1. Run down ILE84, ILE58 and say which single residue is modelled with pLDDT of 75 or more and not in a helix (DSSP H, G or I).
2. Tally up the residues in the range 109-125 that are of a type outside the set (A, V, I, L, M), within 14 Å of ASP146 (Cβ to Cβ) and surrounded by fewer than 18 Cβ atoms within 10 Å (Cβ to Cβ), please.
3. Pairs needed: first member in the range 104-131, in a loop (DSSP other than H, G, I, E, B); second member anywhere, of a type in the set (Ser, Thr, Tyr); C-beta distance under 9 Å; at least 6 residues apart or different chains.
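The values are calculated or read from the model by the stated rules, or taken from the named source; none is laboratory data. What you are looking at is a predicted structure, and each value in this text was computed from that prediction instead of being measured. Cβ atoms come from the backbone with ideal geometry, glycine included; neighbour counts cover every protein chain shown.
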Amino acid sequence: MVASSISAGPALRAALGIEMKKLTFCVAILAGALVLMAQNARAQEGFRLFRGDPELIIPSIGVGLATTGAYFAVRNAGGGGHRITQLGAWGLTTVGCMALTPIVSGIVVQRELTRREAHVMIADCIVPFIGGWIMHAYFDAHPERDSVPPQAIKVARKHR
């Protein structure tokens, strides 16, 4: 009787099979996004996976990994009636990623981010790789909306 309770039943094997199918589907989607980005590479610039300031790569990946870890921690947190759903965990960590990535990136580069940089980071939090690709296409089509913030003007004040 003890051995039968330890072995995995058909329900557990089916649940693991569904998780594996979801994981395979996600990997296929990411591979397809990478192929699409490679086709859009400009010949004169050469292929670059990340456009823009190279100093923004590390904070974006770091915050993305941290919020992914937070998603799995929140989703699998056991406990009484306070268990959060998968959709709730996804929403919570996505909003956290959208808030933290521009903040951490701005601290790392020590300057204000451009609209393109901020929007690409936010879109990458919602749909990794594809979101940033869509925002790059948007700002390429509308270059007037991609502004560099003006320099701050220092004003001297008289003190009495």
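1. Just a single option satisfies the conditions, and that option is ILE84.
2. 3
3. Close Cβ pairs satisfying both conditions: LEU113/SER105; THR114/SER147.
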